[in-house]
Every structure is written in C-alpha cells, then in structure tokens.
Amino acid sequence: MLASIFSLNVIQTALELGCIYGLVALALFLSYSILNIADLSTDGCFTLGCAVACQVALTGHPILALFAAMAAGVCSGFVTAFLQTRLGVESIMAGIIVNTGLYTINLAVMGFSSTMSLVKTDTVFSLAKSALAFTGGWYKLVIAAAVIVIACAAMVGFLGTRLGLSIRATGDNAAMVRASSINPAFTITVGLCISGALTALSGGLLAQYQKSSDINVGTGMVTIALASLIIGETLVGKRTMVRRVLGVVFGSCLYRFIVAVALRFNVPAAAMKLVSALIVAVAISMPAIRAKFAFEQRKHNARKEVH
C-alpha cells in the first residue's frame, strides 16, 4: 500500500502540478502577503489564462499562448486595481466584481462553450517532448520547473528593486509611502498586474498540460493558493525574501502531494473539495497551534524551574 502511495509516478505528478499551481501561490504571495490585499479575482483570472492560452495554441502558437495569457492576466489585475484605487471600491468587493464579470468574458473567449480541447494541438509540453527526449518521461517536470524557477528568480529580483521596495512598503504602511511622495495607487496597480499575469500564466500552463480547458477550472483556486502559501510560510519560515518565495513553491508541491495521496486512498472525486477545505483549515490553524504549543511548553518549563 505504501509503495503505491509513494510511487515515483505520484511524486512526479505532484511536483509537476505543484510547480504549475505554484505560480498562483506566488501571485497570492505578492497580493496577499506583500500588498496586504485580498484579491478574490484569482479564480476568474486563472480560467481566463486557460481560455486565452487554448485559443492562441489552437492557431499553432503554444509559446505565444503563454505570453497572451499573461497579457490577459495583466488586464484583469489592472481592472481590479482601478476599481480599488480610482473608484474607491474595497479590495474584497473589487475582486468579487471582477471575478463575476470574468465568468462571461471567459465564456466569450471560449466561444461560448464550457470546454475546449487541445488533444490534436501542439503544446509547449509536446514540443519539449522531442527537444528534451534525453529526460525520458520527466520532460513535463523540466518545463514546469524551469518556468517556476524563472518566476521565483524574477520575483526575488523585482522585490529588491526601488519599485519592489515601494510595493513592499505600501503593504506595510500606505500612509507612510504617500508621505514619501510615492503614489500608492501606482504601486498597488503594478503589484496586482504582476499578480494577475502570474495567475493567468499558471492557467495557460495547466491548459496545455492537461490539453483542455473548462469554464469551472479556476473554482477554488484562491483557496488552494492560500493553503500553499500558509503551508510554505509555516514549514519553511519567512525570515528572508528568498525563503518566503521558496516556501511558497514548497507549500504548493506539498499540497499537491497530499491531494495525490488522498486520491490513492480512493477518496471520491466529489469529496475532493472537502479534502481541500480540511487541508486549508489545518494549514491556516498551524501557526496558532504551534504558538499555543510553544507557550504551554514555556509555561511548563517555568513551573519546573520554580519547583
């Protein structure tokens, strides 16, 4: 039983999907952890990336499809930021409004069909299969890992620039940033545009990975990304920016592995949402549980010293 659960195939699939979904977790890291904004447009933006990538890939340009998906994600992020910074809409409401509107837009991009197929179409993974023939069956992981490594390196490098530091400062104290003659509306807009681009890129990669797109593929994506983010921060820590970014990817891979193990235990597909909710609940409560355990341990040690 254990051999089938921890088989190489399960680990490989978990790593592949972990790297792809890690881009969404990285996007949420920027919007939620850095900018302190609850962006609820993630679900619709992810589906938008899937739909746009499918349409462009069908024309015979799978690599261009990823850039097109990112451009669509930037547009989604810009609209969300515009509602917040220019029209005074609360961040949560802005995300809900954009997410609701994106459902119709996604349907329109998909030709008002609920599904799209890339079965007989070239994708970045099918192109890599011949180019990376020496890797055997690991070519999908090589592509997914290469994309997430580039995204992580770019994120760490960007957050160390003047603009990146301004975005980090905006999340900490927007009033201080405004007093420093930096426009927080601009930094929020840039941050949400980058976040949208990463989310849509993840959707575009997933569409080409599974050779299909579905109108509901993004449902619950913000929950999955939040779980990955919190798992990474809890287990890896957040002392440095590099550790925080790597923790996001690690959390995403670990989350996909837990889901894969649940499927190996013959958990019905209809119950996977409940499994995901339980994983998120445990991940969110872990910091509080660890803090409570540490407090009880210190109290116990203090009592021993008294006696």
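The values are calculated or read from the model by the stated rules, or taken from the named source; none is laboratory data. Fair warning: this is a prediction, and the values are worked out from it, not measured in the lab. In this analysis, Cβ positions are derived from the backbone assuming ideal geometry, glycine residues included, and neighbour counts consider all displayed protein chains. For the accessible areas, the whole protein counts, side chains as well, though only heavy atoms, and no ligand, DNA or RNA atoms are used. Shrake-Rupley method; radii C 1.70, N 1.55, O 1.52, S 1.80 Å.
Within region 208-236, can you find the residues that are of a type in the set (Asp, Glu) and in a helix (DSSP H, G or I)? Please lay out each step first, then the result.
Quick first cut of region 208-236, residues of a type in the set (Asp, Glu) only: 214, 233.
Of everything in region 208-236, just one residue is of a type in the set (Asp, Glu) and in a helix (DSSP H, G or I), namely Glu233.
In region 197-214, the residues that are closer than 10 Å to Phe125 by Cα reach residues that are of a type in the set (Phe, Trp, Tyr) with C-beta atoms within less than 8 angstrom, at least six apart or across chains, in these pairs: Gln208/Phe125; Tyr209/Phe125. On the stretch given as region 265-277, residues that are surrounded by 14 or more Cβ atoms within 10 Å (Cβ to Cβ) and of a type outside the set (Val, Ile, Thr) total 2.
Within region 218-244, restricting attention to residues that are in contact (Cβ under 8 Å) with a residue 24 or more places away in the chain and touching a Leu at 6+ places or on another chain (Cβ under 7 Å), the residue that is nearest to Asn106 (Cα to Cα) is Val222.
What number of residues within region 246-291 are of a type in the set (Lys, Arg) and either closer than 21 Å to Leu28 by Cα or touching a Gly at 6+ places or on another chain (Cβ under 9 Å) (or both)? Give the derivation first.
First pass over region 246-291, keeping only residues of a type in the set (Lys, Arg): 256, 264, 273, 290.
Restricting the remaining residues to those that are either closer than 21 Å to Leu28 by Cα or touching a Gly at 6+ places or on another chain (Cβ under 9 Å) (or both) gives 256, 273.
Residues flagged as of a type in the set (Lys, Arg) and either closer than 21 Å to Leu28 by Cα or touching a Gly at 6+ places or on another chain (Cβ under 9 Å) (or both) within region 246-291 amount to 2.
Please specify each residue of region 275-286 satisfying the condition of being touching a residue at least 40 places away in the same chain (Cβ under 8 Å) and either within 14 Å of Gly251 (Cα to Cα) or not in a helix (DSSP H, G or I) (or both). Those that are touching a residue at least 40 places away in the same chain (Cβ under 8 Å) and either within 14 Å of Gly251 (Cα to Cα) or not in a helix (DSSP H, G or I) (or both): Ser276, Ile279, Val280, Ala283, Ile284, Met286.
The residues of region 231-255 that are of a type in the set (Val, Ile, Thr), closer than 22 Å to Val282 by Cβ and open to solvent by less than 30 Å² (accessible area, probe 1.4 Å), listed by number, are Ile231, Thr234, Val248, Val249. Can you confirm whether region 116-123 contains a residue that is in a helix (DSSP H, G or I) and over 20 Å from the mean Cα position of the chain (by Cα)? Looking for residues that are in a helix (DSSP H, G or I) and over 20 Å from the mean Cα position of the chain (by Cα), one finds none in region 116-123, hence no.
Being surrounded by fewer than 19 Cβ atoms within 10 Å (Cβ to Cβ), without any contact (Cβ under 8 Å) to a residue 12 or more places away in the chain and either in contact with a helix residue (DSSP H, G or I) (Cβ under 7 Å, 6 or more places away or on another chain) or over 23 Å from Met241 (Cβ atoms) (or both) narrows it down to one residue among Ala169, Ala145, Ala131; which is it?
Values: Ala169 fails: without any contact (Cβ under 8 Å) to a residue 12 or more places away in the chain; Ala145 fails: without any contact (Cβ under 8 Å) to a residue 12 or more places away in the chain.
That would be Ala131, the only listed residue that is surrounded by fewer than 19 Cβ atoms within 10 Å (Cβ to Cβ), without any contact (Cβ under 8 Å) to a residue 12 or more places away in the chain and either in contact with a helix residue (DSSP H, G or I) (Cβ under 7 Å, 6 or more places away or on another chain) or over 23 Å from Met241 (Cβ atoms) (or both).
Of the residues Ile258, Ile215, the single one that is crowded, with 17+ Cβ neighbours inside 10 Å and modelled with pLDDT of 90 or more is Ile215. Listed by position, the helices (runs of 4 or more DSSP H) contained in region 1-87 that have at least 2 residues being closer than 21 Å to Ala151 by Cα and open to solvent by 30 Å² or more (accessible area, probe 1.4 Å) are 8-28, 62-85.
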